[in-house]
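Let me begin by presenting the structure, written as structure tokens, before commenting on it.
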Amino acid sequence: MNRKEFFARVGFGAASLLVPACISGLATSCSSDEGSVPTAPTGVDFTLDISSGALATDKGYLVKNGIIIARENASTFLAVSAACTHEGTTVNYVGSSNSFHCPNHGANYSSTGTHLNGPGSANLKQYNVTLTGNTLRIYS
Ligand code: FES
């Protein structure tokens with residue numbers, strides 16, 4: 001057996017081992033890059049005190065109950081589902097562009113949760129917010 005024949009046989013042998021694994025879903029390297037879309041929280045209704053903590057200053061944000069809540073400015077707050085619609089990584093709020101960004105593979109969403117670009121295609125779910133004094137209500 002010459003060198004060319006050896007590599008042809010070894011290469012074919014490795015491929016014959018991997019193909020069944022890919023078909024049965026055992027090899028993670030064979031998986032699709034489109035993950036399952038996480039389910040956004042439903043039946044949401046809770047309040048936050050914004051007099052201190054992350055929401056006390058413009059561009060601050062936090063994650064609670066699967067929802068990312070961000071303070072655009074003193075009178076505008078945003079609330080969308082926190083799990084990226086690609087593979088579920090928690091998104092960040094980017095104050096400089098007033099948008100949400102997934103640090104895992106780079107998906108970007110508008111301030112209302114609309115998918116702008118990057119992996120995945122579904123939007124983040126937007127929730128209602130009402131500010132009364134220092135109490136911010138987040139609800140669906
Ligand atoms: S998990 Fe892949 S872009 Fe968010």
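Some points to look at:
- Extending 7 Å from Cα along the Cβ direction at residue 112 and again at residue 89 yields two label points whose distance is 2.7 nm.
- Here the relative contact order of the stretch 45-139, from alpha carbon pairs under 8 Å that lie six or more residues apart, stands at 25 percent.
- Pairwise Cα distances in the stretch 45-139 exceed 18 Å in 38 percent of cases.
- Seen from residue 53, the other residues with C-beta closer than 15 Å to its C-beta sum to a net charge of +1, counting Lys and Arg as +1 and Asp and Glu as -1.
- The order of 72, 87 by accessible area, most exposed first and with a 1.4 Å probe, is 87, 72.
The values are calculated or read from the model by the stated rules, or taken from the named source; none is laboratory data. Treat the numbers as computed from the prediction; the structure is a model and nothing was measured. Reconstructed Cβ throughout: ideal geometry from the backbone, glycine too, with neighbour counts over all protein chains shown. Ligands, DNA and RNA are stripped out before the accessible areas are found, and what is left, the full protein with its side chains, is counted by its heavy atoms. Shrake-Rupley method; radii C 1.70, N 1.55, O 1.52, S 1.80 Å.
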